[in-house]
Amino acid sequence: GDSVTQMEGPVTLSEEAFLTINCTYTATGYPSLFWYVQYPGEGLQLLLKATKADDKGSNKGFEATYRKETTSFHLEKGSVQVSDSAVYFCALINTDKLIFGTGTRLQVFP
Amino acid sequence: DSGVTQTPKHLITATGQRVTLRCSPRSGDLSVYWYQQSLDQGLQFLIQYYNGEERAKGNILERFSAQQFPDLHSELNLSSLELGDSALYFCASSSTGGLRGSPLHFGNGTRLTVT
C-alpha cells in the first residue's frame, strides 16, 4: 500500500543554519504531497503542498519540490529560526486517503 | 487559530472506563475527521463523517465509535479503555467530502491519559 518515509529526528540546528528534512513516498498513480507542521501544544497546520510532478510548494521560507523520478518531497529552508522548532510531517493523498509520515522533530537553538 | 475546537484539552481516566471527546468543526465545514496520535504509531486515521453520515473508516477499534450531529459537531466515544489508548486525539475538518478538494484544518487535540 501507499506509504511515506521520513528521516528520523530530532534534527538539531543552530539559528540561521540550512535545513533539509528528507521524505520519500511509495504510491501508485499520482499522489498529491504535503508538509504539515505541528508546534508544541497545537494541532497540525498545512505548511505547503504540491499536486503534480516538478511542482514546488513554498511557504514561510520553506520549500519542497515534487520529484517523481526519485519519489521524494524533501523539505528545505535556507536559514532556520528558533521559532521553526516544531514537528514536521510529510504526507500524501492518493485515492482519497491521507497518509502521514511519522514526523521529524526540529530543534533550533540560538 | 484553525477554527476547529476540541474539548476537553486533557482527560485522565482509569482502565475500563468510557469517555467522550467533542469536536466543533470550522464554520461552514461539513467533514470531520478523527485521528489518533501516539508515540509508537504516529498519526492514525480513525474515521470521517460528512454532513452527518459516516464517509470513511480507518484503523478504528470496535470499542471506539463516533457520530456527527445535525449541527455538524462530532463526538468520539472510547469505551473499555486500556492503557494503550493513551494518546492525543485530533479532530480535523474540511469543507468537502473528499480529501483533494480542500485542506484539512486541525484542532489542538485532546490528550487522553488512561491510568
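Here, each number is a calculation from the coordinates, and none is a lab measurement. Remember, it's a predicted structure, so these values are computed and weren't measured experimentally. In this analysis, Cβ positions are derived from the backbone assuming ideal geometry, glycine residues included, and neighbour counts consider all displayed protein chains.
Placing unit charges on the Cβ atoms of the charged side chains and taking the dipole of chain A about its Cα centre, the candidate lying farthest along the positive direction among A:TYR66, A:ILE21, A:PRO10 is A:TYR66.
Solvent-free Debye calculation, one equal scatterer per alpha-carbon of the protein assembly as shown: log10 I(q)/I(0) at 0.07, 0.10, 0.13 Å⁻¹ equals -0.22, -0.46, -0.77. In summary, the aspartates and glutamates within cross-link reach of A:LYS68, defined as a Cα separation below 20 angstrom excluding same-chain residues under 8 places away, comprise A:ASP2, A:ASP54, A:ASP55, A:GLU76, A:ASP96. Suppose every Lys and Arg Cβ carries +1 and every Asp and Glu Cβ carries -1, with no other charges. What dipole size does chain B come out with about its Cα centre, to the nearest 20 debye? My answer is approximately 100 debye. Pairs exceeding 25 Å between alpha-carbon atoms, taken from A:LYS56/B:LYS57; A:LYS56/A:LYS97; A:LYS52/B:LYS57; A:LYS52/A:LYS97: A:LYS56/B:LYS57; A:LYS52/B:LYS57. In a simple Cβ point-charge model (Lys, Arg +1; Asp, Glu -1; nothing else charged), the protein assembly as shown has a dipole of about 200 debye relative to its Cα centre. Separation between the B:ARG111 and A:THR20 pseudo-spin-labels, each 7 Å from Cα along Cα→Cβ, expressed in nm? According to this spin-label approximation, the distance is 3.5 nm.
Expressed as a rounded percentage, what relative contact order does chain B have, with Cα pairs under 8 Å and six or more residues apart? Working shown, then result.
Numbers: 297 pairs, mean separation 42.7, N = 115.
Once normalised by length, the contact order is 37 percent.
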